[in-house]
C-alpha cells in the first residue's frame, strides 16, 4: 500500500506540476499578448514621431530657404542703398558745382551790369557832348 500511496502522491505531484505549468504558460501567453500590444503601440508611436520628424525637417528646410531668400533680398537692398548713397553724394557734388557756377554767373552778371551802367553813363555823356557840339555848331553857323 505504500507503493500505491507513493504512486498516488507522484501522480498528484505531477498533476500539480502540470497545472502550475499550464497556469505559468497561460500567464506567459497573457504577458506575451500584452507585450505584443505594447510593441504595436510603440511602433505606432514611432511611426507618428517619424512622420512628425519628416514634417519638421520639411518645415526646417522651407524656413532655411526663406531665410536664404531673405538674406539675398537684404544684400540686394543693401547694394541698392549703397548705390543710392553714391548717387546722393554725386548729386550733392553736382549741386555744389552748380551753386558755384551760379555764384560765378551772378558775379559776371553784376560785372556786366556795372559795365552796362558805365557804358550808359559814357553814352549819356557822349550824347550830352554831341548836343553841346551841335549847339556850338548851330551858333557858329548862325
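The values are calculated or read from the model by the stated rules, or taken from the named source; none is laboratory data. Values in this document were obtained by computation on a predicted structure and should not be read as measured data.
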Matching entry among 45, 69 (being more than 32 Å from the chain's Cα centre (by Cα) and in a helix (DSSP H, G or I)): 45
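Let's see how each residue does on (1) at pLDDT 95 or above; (2) part of a helix (DSSP H, G or I); (3) under 36 Å from the mean Cα position of the chain (by Cα):
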{"position": "90", "(1), (2), (3)": "yes, yes, yes"}
{"position": "95", "(1), (2), (3)": "yes, yes, yes"}
{"position": "99", "(1), (2), (3)": "yes, yes, no"}
{"position": "114", "(1), (2), (3)": "no, yes, no"}
{"position": "118", "(1), (2), (3)": "no, yes, no"}
{"position": "123", "(1), (2), (3)": "no, yes, no"}
{"position": "127", "(1), (2), (3)": "no, yes, no"}
